[in-house]
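These notes are about the structure you will find just below.
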Amino acid sequence: GEEGVSTSEMLYYNAITSLPFLLLVCAATGEAAALPAAYSAAVAAHGPVTLWGTLASCSFFGCLLNFALFLCTVNNSALTTTIVGVIKRRVITGPSA
């Protein structure tokens, strides 16, 4: 039978194709040049274990939120996906935003 691309493969392809644009924007805005100083300051302020633990935690939950939103898009209507997007934004930015 005919099989399409799975949800996780689609997210992977999306991440891979957007990576060159992200690197280009980072280089154009100067954020890439500021990274070593920001990393050193973060390690000095919080320690390497806390820094890498926070980075890993944020990356994991960001991937989980994007996967959930993509699954919602695949399995539900556009209205449901919009509502989930609003909830996602509230979870990320907090209730005050």
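General observations
- Each residue in the range 75-94 was checked for being open to solvent by less than 60 Å² (accessible area, probe 1.4 Å) and either more than 23 Å from residue 7 (Cα to Cα) or of a type in the set (Lys, Arg) (or both), and 2 of them qualify.
- The set of residues from the range 6-60 being β-branched (Val, Ile, Thr) and either surrounded by 10 or more Cβ atoms within 10 Å (Cβ to Cβ) or touching a strand residue (DSSP E or B) at 6+ places or on another chain (Cβ under 6 Å) (or both) comprises 7, 25, 29, 43, 50, 54.
- Residue check, residue 72 surrounded by 10 or more Cβ atoms within 10 Å (Cβ to Cβ) and within 12 Å of the chain's Cα centre (by Cα): no
- Qualifying residue in the range 25-38 (condition: closer than 30 Å to residue 7 by Cα and without any contact (Cβ under 8 Å) to a residue 60 or more places away in the chain): yes
- Any hit, the range 27-46, residues being among the hydrophobic types (A, V, I, L, M, F, W, C) and within 17 Å of the chain's Cα centre (by Cα): no
The values are calculated or read from the model by the stated rules, or taken from the named source; none is laboratory data. Note that the structure is predicted; figures quoted are calculated from it, not measured. Cβ coordinates were reconstructed from backbone atoms using ideal geometry, including for glycine residues, and neighbour counts include every protein chain displayed. Remember, those area values only see protein heavy atoms, side chains included, never the ligands or the DNA or RNA. Shrake-Rupley method; radii C 1.70, N 1.55, O 1.52, S 1.80 Å.
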